[in-house]
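**Student:** This is the structure, below, for whatever I ask next.
The values are calculated or read from the model by the stated rules, or taken from the named source; none is laboratory data. From a predicted model like this one, the values you see are computed outputs, not experimental measurements. Cβ atoms come from the backbone with ideal geometry, glycine included; neighbour counts cover every protein chain shown. SASA here: full protein model, heavy atoms, side chains in, ligands and nucleic acids out. Shrake-Rupley method; radii C 1.70, N 1.55, O 1.52, S 1.80 Å.
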Amino acid sequence: MGSLALRRAAGAVPLLLVVWTAAFFLQQLIHGDPAAYVLGNTSTAAQRDQLDAAFGLHRSPLDQYLSTCANLLSGDLGRSWITSESVGRLLSTALPVTLSLALLSTLVTAAVGTALGIWAALRRGSRVDRILQLAAGAVTAVPNYWIAVGLVYLFAIQYRVLPATGYVQLNQSPGQWLQSLILPVIALSLAPIGPIFLQARSAVAEALDADYVRTVRALGIPRRRQVLKHGLRNAAAPIVTAVGFNTVGLLAGTVAVEQIFNLPGLGSQLLSGVLGHDVPVVQGVVLVFAVGVVIVNLAVDLLIGVLNPKARRA
Amino acid sequence: MSTVVHHADSPVGPAARAGRALATSPLTLTAVAWLVLVVLTSVFADQLAPFDPLTQNLTELLKPPSATHWLGTDSLGRDVLSRLMHGGDTLLWGAAEATAIAVALGLPAGLLSGYRGGIADAVISWLVDLTFAVPAFVVLVALAVIYPQNTAVMMAVLGVLGAGAATRLVRNSTRTVRDELFIDAARVSGLPLRTILFRHVLPTVVAPVIMLAATSMAICVIVLSSLSFLGLGGSPEAPSWGQMIYEASQNITVDSWLLVPPGAVLILTVIAFNLIANTVRDALPGGPTPRPVRHRRTVLAETAAQRPDADPQTLLGVHGLVVEFPSGPVVDGVTFAVRKGEILGLVGESGSGKTVTALAIPGLLPIDERITAGSVRFAGEELAGTTERRLSRVRGRGVAYIAQEPMAALDPCYTVGNQLRAALRHFGATRRAAAARTGDLLREVGISDPDRVMRCRPHQISGGIAQRVAIALALTGDPALLIADEPTTALDVTVQAAILDLFRNVVATGERALVLVSHDIGVVADVCDRVAVMYAGQIVEQGETDSVLGAPRHPYTRALLRSMPSLDTAGRLPVIPGSVPAPDAWPEGCRFAARCALATDACKKGPIPLMDVSGPSPRTTRCVRGHDLAPEPGR
Ligand code: SF4
């Protein structure tokens, strides 16, 4: 198991390197003087020169690239062109927000999708099953930003039961932390529940039709045990794959959702970086997202390795 | 035999099938109609829209829907319907462009990678991995730092990133066809690669690509509208659905209605694309088979239920059993009894209904098959038509079932020991007693190293051991009746003999009975006390094994015996010519008539009843010429 993790992690290194390189050369695509682009047309030559000097923008692209790579190796993601703040520090304060969002949403999608999937698998062909399948198709089509705005309206404006915006740190107040995340998590989770439900439904149904479930049924073992011990266990690998795949999609969704709920996460950093022409911040966020994707895929691989009986030793 | 094959080898190609599926589903037709409507209104928005989408009217701010403004007006007094009609244009074009790029890149790359394999495949697969390295939406947002509002760049990048998924799909489809025979045949006949790809591979990937294109449209519409929502997608002047949702969010405290029209149009459009994708996918080979129909359980008011059990030694009495599939009956009036200490063989070719009969006894039929008439009395209790709850009390302790494929019958995720202990615990053993009994049980079924086997998962043991484990599992509840379905078919000959010995031991106590289902009359001859020969859903001959097999009174039994391997012939004689008629092709007269050498006109007149041909022991046969089939000399 450990060796699989190592091999996977090693395979991800060149991938991340390409992502980082591409993100770096993003700034080479700026037409003309980057300093003028960042500071705008009204800036003076002196201001521009100052920026050039501070960030070494006058050096050759290769030169700049090599020095950013060297910095990266020592854990330095560079500094913001606008505030001169360390990008690493900026992102490390934003990371917990996005991480909370993504983890909670993953848990919600996995739990709700699987539970409904089991429920429908036990009632295959019934009306509830068909309605759930249609609903799964429908929720997948709902953009997270639309449902987010709708949720703000319903729960924060109309009924005033939950805060519309803002974030409270977990160590400050776990209760408020959770409250500040309820609506964003719902907005992010709704669409992925559809595909996870469909996958869980078909995987559990297939397991329930298998001979080994008939074997335990033939022993008079109660339905609940048939489903939870044998059905769910055998359906776990495809469900985990679906959850992982949707978690990656959910990561992307945090950008719009953080914006709507005013959560100071990576997505908000990305957007303010984009609007402020702050290329180093954008580069940093892209790299963090790429690492996030690698970690999700690694986690899925490891879980499947644990779940697949043939990969295990007796 | 309980599975039905659904047009596995239908001559219609997948693309044609997908097309037909699209045309016949009302839901999908609605989806197509909606998309046509959206596209047409977007294209002809200038002509169709009642107002200019940009004209502000400060006297008509945030008006609800009315006769002039069907969907109301926004915060600048602009007509919502007109803005909606103009707002789909860029979005749909953008999605279509990105999708076209994805397919244009992914199709050749996937064909090459899937067909060629090797280095090309490795390189392309790595590039595909790269497209999944960062979520496409994040890439597009990041790009906006350099190219704000530049839709052309966004489309291109979205298309290139989407090409990853397209390549993967086409590659995998190509892989599957490549290995198929007709491709090999085409390759040896010296056709150039291009011809093979275009003529043979391309047609099979058309349907998957259509599905992918529809999915891609759905995803692109969501991604691009999200960018508009964030103010990053295209000119802020031109109306777009995403931007309308943004404007609605800015006015949400005063007017929530504005959120509805763009949201509804957007969601319906995405649903429509997804529906089309699903319809095409379901029509692909390997798509879901028609869903099973669930019947209500009929409560059987059979007089047989009141019939006193003739003999206190009778453990199981099956009387007039009828099992129906949604298409009709497959077991048609089967009657037999099993006494304590007895082994009864149910023998017949596949399609005879023997497995369905076996499954029906403990109520283990799949949900689309059910008992519609007759009675199954076990130890004085009626099992046909009873509740799952009552059945589950009989199962395991009263009747145990051993399935055909020992390997598939054990859960691959748990060790043998775990499964045995769980069963023993279910039957009331304490944790410690279960642990102790597990080893004993495995030894009883002839496993010499129970401690090792206990720690194995099913894939780590041989078929023979797996069958012994399955038998041990069936014995955990100390059942009075065992039903074993083809228990030796999957095993090689030496193991077969050992398993049959084991069955003999299991009933040797005299308190247990066994119903052994087999197509192999040799196996039946070896261990069964009595035999019931089944054909096309009926029992055609029944009696003591020696007398039935020694002097068959039914031509089918005879034919089965002749097809049995014997010592003086080299190997197995040809099987009986022809095959068992399917239930919908059962003739009115004798069901064996088409394959029977002795058939006369009388055989085809009407249903053949069971005839009593008892000698020293009870015998029945379902043949009008049963009396003519004189005992063969020299038995
Ligand atoms: S009834 Fe006629 S056709 Fe049927 S088995 Fe007997 S002889 Fe053959």
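**Student:** Counting only residues that are touching a Pro at 6+ places or on another chain (Cβ under 8 Å) and touching a residue at least 60 places away in the same chain (Cβ under 8 Å), which one in the stretch B:64-77 is surrounded by the most Cβ atoms within 10 Å (Cβ to Cβ)?
**Tutor:** Here the residue is B:Leu71.
**Student:** Suppose we filter A:Ser126, A:Ser84 for residues that are within 14 Å of another protein chain (Cβ to nearest Cβ), more than 25 Å from A:Thr241 (Cβ to Cβ), out of contact with any Ser or Thr (no Cβ under 6 Å at 6 or more places or on another chain) and polar (S, T, N, Q); which single one remains?
**Tutor:** Numbers: A:Ser84 fails: within 14 Å of another protein chain (Cβ to nearest Cβ).
Result: A:Ser126 is the single residue among A:Ser126, A:Ser84 that is within 14 Å of another protein chain (Cβ to nearest Cβ), more than 25 Å from A:Thr241 (Cβ to Cβ), out of contact with any Ser or Thr (no Cβ under 6 Å at 6 or more places or on another chain) and polar (S, T, N, Q).
**Student:** Still on this structure, please answer the following. Taking only the stretch B:600-619 into account, find how many residues are within 13 Å of the ligand (Cβ to nearest atom) and either in contact with a Phe, Trp or Tyr (Cβ under 7 Å, 6 or more places away or on another chain) or open to solvent by less than 40 Å² (accessible area, probe 1.4 Å) (or both).
**Tutor:** Going residue by residue through the stretch B:600-619, those that are within 13 Å of the ligand (Cβ to nearest atom) are B:600-611, B:613.
Imposing the further condition that a residue be either in contact with a Phe, Trp or Tyr (Cβ under 7 Å, 6 or more places away or on another chain) or open to solvent by less than 40 Å² (accessible area, probe 1.4 Å) (or both) reduces the set to B:603, B:606, B:608, B:613.
So the answer is 4.
**Student:** Among the candidates B:Ala532, B:Ala490, B:Ala536, B:Ala497, which residue alone is modelled with pLDDT of 95 or more and either under 18 Å from B:Ala360 (Cβ atoms) or of a type outside the set (Asp, Glu) (or both)? Give the steps one after another, and end with the answer.
**Tutor:** Working: B:Ala490 fails: modelled with pLDDT of 95 or more; B:Ala536 fails: modelled with pLDDT of 95 or more; B:Ala497 fails: modelled with pLDDT of 95 or more.
After applying the criteria, what remains is B:Ala532.
**Student:** Against the condition at pLDDT below 95, in contact with a Leu (Cβ under 7 Å, 6 or more places away or on another chain) and open to solvent by 30 Å² or more (accessible area, probe 1.4 Å), how does A:Ile157 come out, does it pass? First the steps, then the outcome.
**Tutor:** On the way: at pLDDT below 95: yes; in contact with a Leu (Cβ under 7 Å, 6 or more places away or on another chain): no; open to solvent by 30 Å² or more (accessible area, probe 1.4 Å): yes.
No, not satisfied.
**Student:** Being within 30 Å of B:Ser375 (Cα to Cα) and over 29 Å from the mean Cα position of the chain (by Cα) is the filter here, so list the residues in the stretch B:385-423 that pass it.
**Tutor:** Within the stretch B:385-423, B:Arg397, B:Gly398 meet the criteria.
**Student:** Looking at the stretch A:121-142, can you tell me whether even one residue there is polar (S, T, N, Q) and open to solvent by 60 Å² or more (accessible area, probe 1.4 Å)?
**Tutor:** Keep residues of the stretch A:121-142 that are polar (S, T, N, Q), which gives A:126, A:133, A:140.
Now restrict to residues that are open to solvent by 60 Å² or more (accessible area, probe 1.4 Å): none.
Scanning the stretch A:121-142, I find no residue that is polar (S, T, N, Q) and open to solvent by 60 Å² or more (accessible area, probe 1.4 Å), so the answer is no.
Here is a yes/no grid of residues against (1) small (Gly, Ala, Ser); (2) on the phi > 0 side of the Ramachandran plot; (3) more than 9 Å from chain B (Cβ to nearest Cβ); (4) in contact with a strand residue (DSSP E or B) (Cβ under 7 Å, 6 or more places away or on another chain):
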residue: A:Arg214; (1), (2), (3), (4): no, no, no, no
residue: A:Gly249; (1), (2), (3), (4): yes, no, no, no
residue: A:Val286; (1), (2), (3), (4): no, no, no, no
residue: A:Val296; (1), (2), (3), (4): no, no, yes, no
residue: A:Leu307; (1), (2), (3), (4): no, no, no, no
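**Student:** Let me ask something else about it. Restricting to the stretch B:136-146, count the residues that are open to solvent by 10 Å² or more (accessible area, probe 1.4 Å), within 44 Å of the chain's Cα centre (by Cα) and either within 7 Å of another protein chain (Cβ to nearest Cβ) or free of Cβ contacts under 8 Å to residues at least 24 places away in the same chain (or both). Please lay out each step first, then the result.
**Tutor:** We begin by selecting, within the stretch B:136-146, every residue open to solvent by 10 Å² or more (accessible area, probe 1.4 Å); these are B:136-137, B:139, B:143, B:146.
Now drop any that are not within 44 Å of the chain's Cα centre (by Cα), which leaves B:136-137, B:139.
Subset that is either within 7 Å of another protein chain (Cβ to nearest Cβ) or free of Cβ contacts under 8 Å to residues at least 24 places away in the same chain (or both): B:137, B:139.
Looking only at that region, the number is 2.
**Student:** Take residues that are within 16 Å of the ligand (Cβ to nearest atom) and tell me which of the strands (runs of 3 or more DSSP E) falling wholly in the stretch B:493-559 contain 2 or more. So that I can check it myself, show each step before the final result.
**Tutor:** Details: elements: B:513-518, B:530-535, B:538-544.
Passing ranges, in order: B:530-535, B:538-544.
**Student:** Something else now. For residues that are closer than 25 Å to B:Glu324 by Cα, of a type in the set (A, V, I, L, M, F, W, C) and either open to solvent by less than 40 Å² (accessible area, probe 1.4 Å) or in a loop (DSSP other than H, G, I, E, B) (or both), tally how many sit in the stretch B:584-599.
**Tutor:** Selection size over the stretch B:584-599: 4.
**Student:** A further question on this structure: Does the stretch A:251-268 hold any residues that are open to solvent by 10 Å² or more (accessible area, probe 1.4 Å), part of a helix (DSSP H, G or I) and farther than 17 Å from B:Pro135 by Cα, and which are they?
**Tutor:** Within the stretch A:251-268, A:Gln259, A:Ile260 meet the criteria.
**Student:** Same structure again: Taking the residues in the stretch B:221-253 that are at the interface with chain A (Cβ under 10 Å from one of its Cβ atoms) and not in a helix (DSSP H, G or I) as candidates, determine which candidate is most open to solvent (accessible area, probe 1.4 Å).
**Tutor:** Step by step, filter the stretch B:221-253, then rank; the result is B:Thr253.
**Student:** Regarding B:Gly348, is this residue open to solvent by less than 40 Å² (accessible area, probe 1.4 Å) and within 14 Å of chain A (Cβ to nearest Cβ)?
**Tutor:** Details: open to solvent by less than 40 Å² (accessible area, probe 1.4 Å): yes; within 14 Å of chain A (Cβ to nearest Cβ): no.
Against the criterion (open to solvent by less than 40 Å² (accessible area, probe 1.4 Å) and within 14 Å of chain A (Cβ to nearest Cβ)), B:Gly348 does not qualify.
**Student:** Counting only residues that are surrounded by fewer than 22 Cβ atoms within 10 Å (Cβ to Cβ) and either at the interface with chain B (Cβ under 7 Å from one of its Cβ atoms) or not in a helix (DSSP H, G or I) (or both), how many does the stretch A:222-234 have?
**Tutor:** Summing the residues that are surrounded by fewer than 22 Cβ atoms within 10 Å (Cβ to Cβ) and either at the interface with chain B (Cβ under 7 Å from one of its Cβ atoms) or not in a helix (DSSP H, G or I) (or both) in the stretch A:222-234 gives 2.
**Student:** Could you pull out the residue among A:Val248, A:Val213 that is in a helix (DSSP H, G or I) and within 22 Å of the chain's Cα centre (by Cα)?
**Tutor:** Working: A:Val213 fails: within 22 Å of the chain's Cα centre (by Cα).
Checking each option against the conditions leaves just A:Val248.
**Student:** Can you tell me which residue in the stretch B:396-413 is farthest from the other protein chains (Cβ to nearest Cβ), limited to those that are over 13 Å from A:Ala210 (Cβ atoms) and either of a type in the set (Phe, Trp, Tyr) or part of a helix (DSSP H, G or I) (or both)?
**Tutor:** So the residue we want is B:Pro406.
**Student:** Another question about this same structure. Going by the structure shown, is A:Ala200 modelled with pLDDT of 95 or more, part of a helix (DSSP H, G or I) and small (Gly, Ala, Ser)? Lay out the reasoning, then the answer.
**Tutor:** Details: modelled with pLDDT of 95 or more: yes; part of a helix (DSSP H, G or I): yes; small (Gly, Ala, Ser): yes.
Spelling it out, A:Ala200 is indeed modelled with pLDDT of 95 or more, part of a helix (DSSP H, G or I) and small (Gly, Ala, Ser).
**Student:** Which pairs turn up if I take residues in the stretch B:31-42 that are open to solvent by 60 Å² or more (accessible area, probe 1.4 Å) and look for partners that are hydroxyl-bearing (Ser, Thr, Tyr) and part of a helix (DSSP H, G or I) with beta carbon separation below 8 Å, at least 6 apart in sequence or on another chain?
**Tutor:** Matching pairs, first to second residue: B:Trp34/B:Thr269.
**Student:** Taking the stretch A:162-186, which residues are out of contact with any Leu (no Cβ under 6 Å at 6 or more places or on another chain) and within 14 Å of chain B (Cβ to nearest Cβ)?
**Tutor:** Within the stretch A:162-186, A:Ala164, A:Thr165 meet the criteria.
**Student:** For the structure I just gave you, tell me whether B:Thr167 is part of a helix (DSSP H, G or I) and within 22 Å of A:Asn297 (Cα to Cα). If you could, list the steps in order and put the result at the bottom.
**Tutor:** Details: part of a helix (DSSP H, G or I): yes; within 22 Å of A:Asn297 (Cα to Cα): yes.
The answer is yes for B:Thr167.
**Student:** Please count how many residues of the stretch A:62-91 are within 18 Å of A:His277 (Cα to Cα) and either basic (Lys, Arg) or open to solvent by 30 Å² or more (accessible area, probe 1.4 Å) (or both).
**Tutor:** The total comes to 7.
**Student:** Further question: May I ask you to verify whether B:Leu202 is modelled with pLDDT of 85 or more, away from chain A (no Cβ under 14 Å) and open to solvent by 30 Å² or more (accessible area, probe 1.4 Å)?
**Tutor:** no
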